[in-house]
1. Please indicate, with yes or no, whether at least one residue in region 80-94 is among the basic types (Lys, Arg), at pLDDT 95 or above and loosely packed, with under 14 Cβ neighbours inside 10 Å.
2. Does any residue of region 36-54 turn out to be within 14 Å of residue 120 (Cα to Cα) and buried (at least 16 other Cβ atoms within 10 Å of the Cβ)?
3. Scan region 25-41 and give yes if some residue there is under 19 Å from residue 116 (Cβ atoms), among the hydroxyl-bearing types (Ser, Thr, Tyr) and not assigned by TED's automatic domain parsing to the domain that holds residue 124, otherwise no.
4. Might you check whether a residue that is in contact with a helix residue (DSSP H, G or I) (Cβ under 8 Å, 6 or more places away or on another chain) and more than 20 Å from residue 8 (Cβ to Cβ) occurs anywhere in region 71-91?
5. Residue check, residue 25 against (1) assigned to a loop (DSSP other than H, G, I, E, B); (2) among the polar types (S, T, N, Q); (3) closer than 18 Å to residue 124 by Cα, all met but one. Which one?
6. Look through 32, 7, 12 and report the one residue that is assigned to a loop (DSSP other than H, G, I, E, B) and of a type in the set (A, V, I, L, M, F, W, C).
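The values are calculated or read from the model by the stated rules, or taken from the named source; none is laboratory data. Model, not experiment: these values are computed from the prediction. All Cβ positions, glycine included, derive from the backbone under ideal geometry; neighbour counts span all protein chains shown.
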Amino acid sequence: MKKFIGIHHVAIICSDYERSKQFYTQTLGFSIIAETYRAERQSYKLDLALPDGSRIELFSFPNPPARPSRPEAQGLRHLAFAVGNVEASAEELRAKGVDVEEIRVDELTGKQFTFFADPDGLPLELYEA
């Protein structure tokens, strides 16, 4: 097996496609690569690009089950985005109406980080690069 070279994409299933599309493109500023409607599944798939070449695949499905998230549920815990300046990035999100937690310092690395949520409550993190 060849060595892993990075994360290609993260897939997210949302409850309200238009609301989540606006959040990830307008609020977070990710670029649209492609948008596909799959009639047989009554589902959208939105491919979004991050500046480092990684992607988010945003899906909609009719009546998806809710994601368990609190208290700490088993499975994927959160998605972290590397940013150059956590304080500036958090302030930009707040200016767009996003509720951002207090900035903390990772006791192991000394790097700043904070959390916020997407429209479905998916925990997202800003982490100092």
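1. Yes.
2. no
3. yes
4. Yes, there is a match, as at least one residue in region 71-91 is in contact with a helix residue (DSSP H, G or I) (Cβ under 8 Å, 6 or more places away or on another chain) and more than 20 Å from residue 8 (Cβ to Cβ).
5. (1)
6. Exactly one residue qualifies, and that residue is 7.
Every residue, every condition in (1) in a loop (DSSP other than H, G, I, E, B); (2) of a type outside the set (Asp, Glu); (3) closer than 19 Å to residue 7 by Cβ; (4) touching a residue at least 24 places away in the same chain (Cβ under 8 Å), yes or no:
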| position | (1), (2), (3), (4) |
| --- | --- |
| 53 | yes, yes, yes, yes |
| 62 | yes, yes, no, no |
| 75 | yes, yes, yes, no |
| 89 | no, yes, no, yes |
| 101 | yes, no, no, no |
